[in-house]
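Engineer: Below is the structure I would like to discuss, written out as structure tokens.
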Amino acid sequence: MDFKSKTIYFRLVETSDAPFIHSLRVDKRYNQHLSIVDPDLSKQVEWIRNYKLKEALGKEYYYIIHRNSDSLPIGTVRIYDCIGKNESFCWGSWILNENKTKYAALESAIMVYDFAFFELGYKRCHMDIRKENLKVIDFHKRFGVKIIGETELDLLGHYFVEDYQKVREDIVKIINA
């Protein structure tokens, strides 16, 4: 369940990753648009233990993103809120730190969509993006995500496998340029 791209790879989270994850989630540079995390590191360890039960059932997947060049951890990403038998999934908890590679965002998105659409067989991705998170909104729109509604805090989007297939090769060309 590990995945590799041109400059990064994903590895499933372990409880030993709690200090790294916690450091990202409490860092003001990265947590503006994330849910609040308890400052107690033991709560992060407990959260990961509970998550691993969902992973074992194939309901969620949480990854540490590493650079290929030296295996340095540079971020996190998670697939969760899976609906029905391959109906829809959501992804988030997406953080890339200052050590990320040039195309880490594009590569990680490709890896998430390839895994969820082509390996797990989901037909759609649903998402809620904080309205203030303009960079991420723009990123998703460039992939072809459609905004279909909103709440007080979030824009609601969806993205179908057919939409992804239309842009995938162009994005891969950018990464491999």
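Engineer: So if I take the alpha carbon set of the stretch 81-177, get Rg, then get Rh from the Kirkwood formula, what is the Rg over Rh ratio?
Structural biologist: Over the Cα atoms of the stretch 81-177, Rg/Rh equals 0.95.
Engineer: Quick one: pull the percent of accessible area on the stretch 1-103 belonging to carbon and sulfur, 1.4 Å probe, ligands and nucleic acids left out.
Structural biologist: C and S fraction of accessible area: 52 percent.
Engineer: Give the accessible surface of the chain per residue, rounded to a whole number of Å², with probe radius 1.4 Å and ligands, DNA and RNA excluded.
Structural biologist: Heavy-atom SASA per residue in the chain reads 54 Å².
Engineer: Points 7 angstrom from Cα along the Cβ direction at Leu134 and Ser23: gap in nanometres?
Structural biologist: Rounded to a tenth, the inter-label distance reads 3.1 nm.
Engineer: In what sequence, largest accessible area first, do Thr15, Thr101 appear using a 1.4 Å probe?
Structural biologist: From most accessible down to least: Thr15, Thr101.
Engineer: In addition: Go through Lys146/Lys173; Lys52/Lys166; Lys52/Lys141; Lys54/Lys166 and tell me which ones have a Cα-Cα distance over 29 Å in this structure.
Structural biologist: Beyond 29 Å: Lys52/Lys166; Lys52/Lys141; Lys54/Lys166.
Engineer: Out of the GluC sites (Glu not before Pro) in the stretch 66-120, which ones are loop residues according to DSSP with at most 13 other C-beta atoms within 10 Å?
Structural biologist: Of the GluC sites (Glu not before Pro), the ones in loops of the stretch 66-120 whose Cβ has at most 13 other Cβ atoms within 10 Å are Glu87, Glu98.
Engineer: Which of rounded, prolate or oblate describes the chain when judged by the alpha-carbon gyration tensor and an a/c cut-off of 1.5?
Structural biologist: Note, shape of the chain comes out rounded.
Engineer: Roll a 1.4 Å probe over the protein heavy atoms and report the accessible area of Asp2 in Å², nearest 10.
Structural biologist: 100
Engineer: Ordered by residue, what ³J(HN,Hα) values in Hz, to whole numbers, does the stretch 126-143 give under the Karplus form 6.51 cos²θ - 1.76 cosθ + 1.60, where θ = phi - 60° and Gly and Pro are x?
Structural biologist: Along the stretch 126-143, the couplings run 10, 8, 10, 10, 3, 4, 6, 8, 4, 5, 6, 4, 4, 4, 5, 4, 5, 6 Hz.
Engineer: Let me ask something else about it. Within 10 Å, count the other beta carbons around each residue, average over each peptide in 89-95, 8-14, 160-166, and list them highest first.
Structural biologist: My ranking of the peptides, most packed first, is 89-95, 8-14, 160-166.
Engineer: Rounded to whole Hz and in sequence order, give me ³J(HN,Hα) for the stretch 102-119 from the Karplus expression 6.51 cos²θ - 1.76 cosθ + 1.60, θ = phi - 60°, writing x for Gly and Pro.
Structural biologist: 3, 10, 4, 5, 5, 5, 5, 5, 4, 5, 5, 5, 4, 5, 5, 7, 8, 8
The values are calculated or read from the model by the stated rules, or taken from the named source; none is laboratory data. Everything numeric here is computed off the predicted structure, so don't read it as measured data. Quick reminder, even Gly has a Cβ in these numbers, built from the backbone with ideal geometry, and neighbours come from all protein chains shown. Surface accessibility is based on the protein's heavy atoms, side chains included, excluding ligands, DNA and RNA. Shrake-Rupley method; radii C 1.70, N 1.55, O 1.52, S 1.80 Å.
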